[in-house]
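These notes concern the structure reproduced below.
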Amino acid sequence: MSKSVKKSDALHEVKGVPQPSSVSLTAADKVKKSRKKRISPKKLLDGMLSGDKSALSRAITLIESTKPKHRIEARELLEACLPYANNSLRIGITGVPGVGKSTFIERFGKLYTSKGHNVAVLAVDPSSKLSKGSILGDKTRMEELVKDKNAFIRPSASGSSLGGVARKTREAIILCEAAGFDIIIIETVGVGQSETMVHSMTDFFLLLKLAGAGDELQGIKRGIMEMADAIVINKADGENIKAAKLAKAEFNRALHLFPEKESGWSPKTLTCSAIKNEGIAEIADLISDYVKITRENSFFLQRRNDQNKYWLLQTIESSLKNNFYENPEIKKALREQLKALDENKTTPFEAANYLLSLNQR
């Protein structure tokens, strides 16, 4: 192989495009500095209350931070937001990858914004266990909704949290409510136990399914089917219409096997085609019926109270875990115990008991 690379070769490099004179380097530098500049929780709150989406984005970034200083500011901000929270309808949407969640949520969100609602979408993207990175591509998959002035889309990396639900999604809901969003949609990764976590922070839980994917047989099992307030068979168009109707009948039969819900609501199965924007309005009407029934029998408020209690316990558990691993003595002892495990000088149970005993001193 020749050492010199000819211009005709595929490996030949060309110079980059020169910086256009219309771009002000001073202005670009100011933008970079403004992003790094710290904004107090008070200013963030003022911005959110005035409808500034940029302030809301920075506020969510603040609560997602793991830095001790940021945690203190995040608590201050959340406390300031509480008087403006709890005024939205929280809808959880889940389904396996490929079921069409992003397209459905875009059509669903556009329906609500067309009726004068402000819609916030908190989408959780799966993180790689190897690189720890996430694609965060929901904004690219919801091209129309992201341009809507009455909508806000925030993709977050799931990190190492249980089942792919972002650790701070619950707090992000409060921030979005304070910013004036009255419809909050939480999209899950659709894998693992994330559905249980989303169910614990939403008012209505929607399960998206595909016809002919073998999911009909899962209807006889408990778990996610029992949590669902409605099941929607997506992609009911073209040649799939017949299969979607059959799946709807199968799921309806399966739902009758479950005991009556405490809410007094009987889960329904509907079909829709998100890509053709068909059946979306019927789903919104169904949710309205659910809200009306549960508000009248006080279950809506009871569920919110139960959620608060659940998240109180979850917060305590999370704080205890963080304090444990941030203890300098524990950090040192943990490294020693991990080395001892590699050398077969201890067992996982003995090592855990030893570390826990250190934490109790």
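Only residues that are of a type outside the set (K, R) and outside any loop (DSSP other than H, G, I, E, B): list them for the range 267-280, please. Matches in the range 267-280: T269, L270, T271, S273, E278, I280.
Take the conditions exposed (fewer than 14 other Cβ atoms within 10 Å of the Cβ) and at pLDDT below 95 and apply them to E250. Does it pass?
Taking the combined requirement at face value, the residue does not satisfy it.
Taking helices (runs of 4 or more DSSP H) that do not extend beyond the range 281-361, which have at least 3 residues that are among the hydroxyl-bearing types (S, T, Y) and free of Cβ contacts under 8 Å to residues at least 60 places away in the same chain? By residue number, 299-326. Just so you know, in the range 70-94 the residues that are more than 16 Å from I283 (Cα to Cα) and of a type in the set (G, A, S) include one that is nearest to the chain's Cα centre (by Cα), and it is S88. The combined condition, being surrounded by 11 or more Cβ atoms within 10 Å (Cβ to Cβ) and either at pLDDT 95 or above or over 27 Å from T66 (Cα atoms) (or both), is not fulfilled by L356. Per the conditions (1) touching a residue at least 40 places away in the same chain (Cβ under 8 Å); (2) surrounded by 21 or more Cβ atoms within 10 Å (Cβ to Cβ), the sole criterion not satisfied by L82 is (2).
Listed by first and then second residue, the pairs linking a residue in the range 237-263 that is in contact (Cβ under 8 Å) with a residue 40 or more places away in the chain and assigned to a loop (DSSP other than H, G, I, E, B) to a residue that is of a type in the set (V, I, T) and crowded, with 18+ Cβ neighbours inside 10 Å, with Cβ atoms under 6 Å apart and 6 or more places separating them unless they lie on different chains, are S263/T294. Counting the residues of the range 143-170 that are modelled with pLDDT under 90 and within 15 Å of the chain's Cα centre (by Cα) gives 16. Can you name every residue in the range 251-298 that is within 24 Å of the chain's Cα centre (by Cα) and among the aromatic types (F, W, Y)? Once the filter is applied, which keeps residues that are within 24 Å of the chain's Cα centre (by Cα) and among the aromatic types (F, W, Y), the range 251-298 yields only Y290.
Based on this model, can you work out whether G116 counts as surrounded by fewer than 17 Cβ atoms within 10 Å (Cβ to Cβ), at positive phi, part of a loop (DSSP other than H, G, I, E, B) and modelled with pLDDT of 90 or more?
Considered against the rule, which asks whether it is surrounded by fewer than 17 Cβ atoms within 10 Å (Cβ to Cβ), at positive phi, part of a loop (DSSP other than H, G, I, E, B) and modelled with pLDDT of 90 or more, G116 comes out as yes.
The values are calculated or read from the model by the stated rules, or taken from the named source; none is laboratory data. From a predicted model like this one, the values you see are computed outputs, not experimental measurements. As a convention, Cβ positions derive from the backbone with ideal geometry for all residues, glycine included, and neighbour counts pool all protein chains shown.
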